[in-house]
Amino acid sequence: MNAMVEIKDFSIQLGSFKLKNINLNIFDNEIFAVLGKTGSGKTVLLESIAGFYRRFSGNVTIQGKSVIEIPLEKRKIGFVYQDFGLFPHMTVYDNICYGLKIQKMDKEKRKKKVAEMAEILSIEHILKQYPGTLSGGERQRTALARALVLNPKMLLMDEPFSALDPATKQSMYEQIKEIHKIFGCTILFVTHDFNEAQIMADRIGIMVNGELRGIRKSTDLFKKCQDEDINNFLCGNSRGEKDAI
Amino acid sequence: MKKRTHLFNLFEIISIITAAVVVVFTSVLILTIIVRGFPYLQEAFLSEEIQFSIKLSLYTASIATFICMFLGVPTAYALTRTSFPFKKLCQIIIELPLSMPYLVLGLSLLLIFSSDLGKALKELGFRVVFDKNGIILAQTVVNLPYVIRFIRTAFQEVDERLEFISGSLGASKWKRFTTITVPLSKNAIIATIILTWSRCLGEFGATLMLVGATRMKTETLTTSIYLNLATGDNGAAMASATIILIISFTSLFITNWLGRKNSKESRMKDVTLR
């Protein structure tokens, strides 16, 4: 399997918080979840992979190229933030269309692409609305549509389901898996929800206090290991799954 | 719970009373200008001298505002979105004139443009001292730090993650600036333009030092007030003040109107916080 992302000996200091010595490979077409408590460094890891930070030690490469050497506009990554980061001064249509306009795509083609994406994500009815008037689920679908309409090589999502109600969450899990099949992109997402990580991901990375302590197949998430911090974390959060450890 | 509500109401009442005191005090100031200036207003509008000062004020304030924005926007961008050596020091230097008396700024300009440099510029056809170019320069120097401060604050308030997302969608830095940063700080930019223009209209100290106060030559509206007061013509002075007031009121009204017009729809639009 080819590595889409390679992280070698990566460390970064942000104020008093430090992400320490991360080593990780994420493969082509894989769905990878980063699991950890609040403040464990999940989002910083995700932003580092996206090339948000310029001062760090170690290496982050996307398809063999150092991420900070690729100009942001040419990285071909889709990024969905926890609060979805929609452009508040643009309608849903203009948000989705933004990247296509930048690519100077023909107006008719743009319309067609947006319509296709809106149909896949069931947001045809809100295309003329501004983000301020949308519900959490609608915002999330819009953010996904905006990222996916450009067929990115990789989709990075920061706790994308945390603001959704259980029913919407379930339907979004299915939708994301469907999208993964259709678009064939690598998906990396951050979550603190064990269930979500197991349902969605092929592999799961566990973050504890700024360190990536373990990488497991999602089916082996609750397997007992030598690292007491991981055991405590999985135990303390899974409740019903305690017996498995 | 009841006690809390009571305290909250007391705080609201004190705030409203304080606001009322400020409104009354400001209204008295404004009314004094209007009451004393209004009887002379028609005469002032017909006076060739006042017409000259209105034209000169509008011309110099407009050019100075344009220059302030032309220099202020890129500077504010550099201070908020780029990193370069001694950035903090540069920011302090840029904003230092905010705390300096305008007379001192005007005096510095006078010293610079009375030197060999000023004389060389004069020979090249760019007169500053005792010329309307000097008025524009004085208004620019006085207001540029304000413009940079306002625009810098506006740019800082734009969520940089939105620019990052815009970049990840393929936008170059210029596109990110024009499609995200500027539209999201549009209201602040418009307000800055109008307030700067109003401040340029009212500028006096630095202008007086650099170009003096010569009737029908360097006579802006504020200089006209000064000259008329010096000759004891209080009515004409208050009429000029009333004209400045009318222009300022109009510009503030436009600022507020544009601010309302540009506010985006939100789920909170009909909610009153209680």
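The values are calculated or read from the model by the stated rules, or taken from the named source; none is laboratory data. Just so we're clear, the structure is a prediction, and the values are computed from it rather than from any experiment. Virtual Cβ from ideal backbone geometry, glycine too; neighbours counted across all protein chains shown. Quick note on the areas: whole protein, heavy atoms, side chains included, nothing else; ligands and nucleic acids left out. Shrake-Rupley method; radii C 1.70, N 1.55, O 1.52, S 1.80 Å.
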Fill in: Candidates A:Leu121, A:Leu156, A:Leu144, A:Leu148 - the one that is more than 16 Å from the chain's Cα centre (by Cα) and open to solvent by less than 10 Å² (accessible area, probe 1.4 Å)
A:Leu121
Practice prompt. Please tell me if A:Ser66 is open to solvent by 60 Å² or more (accessible area, probe 1.4 Å) and of a type in the set (Gly, Ala, Ser).
Written response: no
Discussion item. Among the residues that make up the stretch B:145-152, is at least one of them within 14 Å of another protein chain (Cβ to nearest Cβ) and crowded, with 22+ Cβ neighbours inside 10 Å?
Written reply: no
Practice prompt. Could you tell me whether the stretch B:153-175 includes any residue that is under 17 Å from the mean Cα position of the chain (by Cα), in a helix (DSSP H, G or I) and either within 14 Å of another protein chain (Cβ to nearest Cβ) or within 30 Å of A:Phe79 (Cβ to Cβ) (or both)?
Written response: yes
Worksheet item: For the stretch B:201-248, how many residues meet the condition of being at positive phi and open to solvent by 30 Å² or more (accessible area, probe 1.4 Å)?
Response: 2
Discussion item. I'd like the residue in the stretch B:76-121 that is farther than 17 Å from B:Val141 by Cβ, among the hydroxyl-bearing types (Ser, Thr, Tyr) and surrounded by 13 or more Cβ atoms within 10 Å (Cβ to Cβ) and, out of all such residues, is farthest from the chain's Cα centre (by Cα).
Written reply: B:Thr80
Fill in: Residues that are surrounded by fewer than 16 Cβ atoms within 10 Å (Cβ to Cβ) and basic (Lys, Arg), drawn from the stretch A:69-86
A:Lys74
Item to complete: Kindly establish whether A:Gly205 is assigned to a strand (DSSP E or B), of a type in the set (Gly, Ala, Ser) and either in contact (Cβ under 8 Å) with a residue 24 or more places away in the chain or open to solvent by 10 Å² or more (accessible area, probe 1.4 Å) (or both).
Response: yes
Worksheet entry | A:Lys37 touching a Phe, Trp or Tyr at 6+ places or on another chain (Cβ under 7 Å) and away from every other protein chain (no Cβ under 14 Å) | yes
Worksheet item: From B:Thr65, B:Thr75, B:Thr82, which residue is modelled with pLDDT under 95 and within 26 Å of B:Val158 (Cα to Cα)?
Response: B:Thr82
Fill in: Of all residues making up the stretch A:152-175, the number that are under 26 Å from A:Pro88 (Cβ atoms) and touching a residue at least 60 places away in the same chain (Cβ under 8 Å)
10
Practice prompt. Quickly run through the stretch A:87-105 and pick out the residues that are open to solvent by less than 20 Å² (accessible area, probe 1.4 Å), closer than 27 Å to B:Asn187 by Cβ and more than 7 Å from chain B (Cβ to nearest Cβ).
Written response: A:Val92, A:Asn95, A:Ile96, A:Cys97
Practice prompt. Among residues belonging to the stretch A:32-43 that are crowded, with 21+ Cβ neighbours inside 10 Å and over 12 Å from the mean Cα position of the chain (by Cα), point out the one that is nearest to B:Ser83 (Cα to Cα).
Written response: A:Gly41
Discussion item. Anything in the stretch B:46-57 that is free of Cβ contacts under 8 Å to residues at least 60 places away in the same chain and of a type in the set (A, V, I, L, M, F, W, C)? List them, or say none.
Written reply: B:Leu46
Worksheet item: In the stretch B:185-198, what residues are under 14 Å from B:Ile63 (Cβ atoms) and open to solvent by 10 Å² or more (accessible area, probe 1.4 Å)?
Response: B:Ile193, B:Trp197
Worksheet item: Mind checking which residues of the stretch A:162-190 are open to solvent by less than 10 Å² (accessible area, probe 1.4 Å) and more than 16 Å from A:Glu30 (Cα to Cα)?
Response: A:Met172
Worksheet, complete the sentence: Those residues of the stretch B:176-193 which are more than 9 Å from chain A (Cβ to nearest Cβ), part of a helix (DSSP H, G or I) and either among the β-branched types (Val, Ile, Thr) or closer than 12 Å to B:Phe150 by Cα (or both) amount to B:Thr178, B:Thr181, B:Val182, B:Asn187, B:Ala188, B:Ile189, B:Ile190, B:Ala191, B:Thr192, B:Ile193
Worksheet item: Does the stretch B:194-210 contain at least one residue that is in a helix (DSSP H, G or I), facing chain A (nearest Cβ under 10 Å) and among the charged types (D, E, K, R)?
Response: no
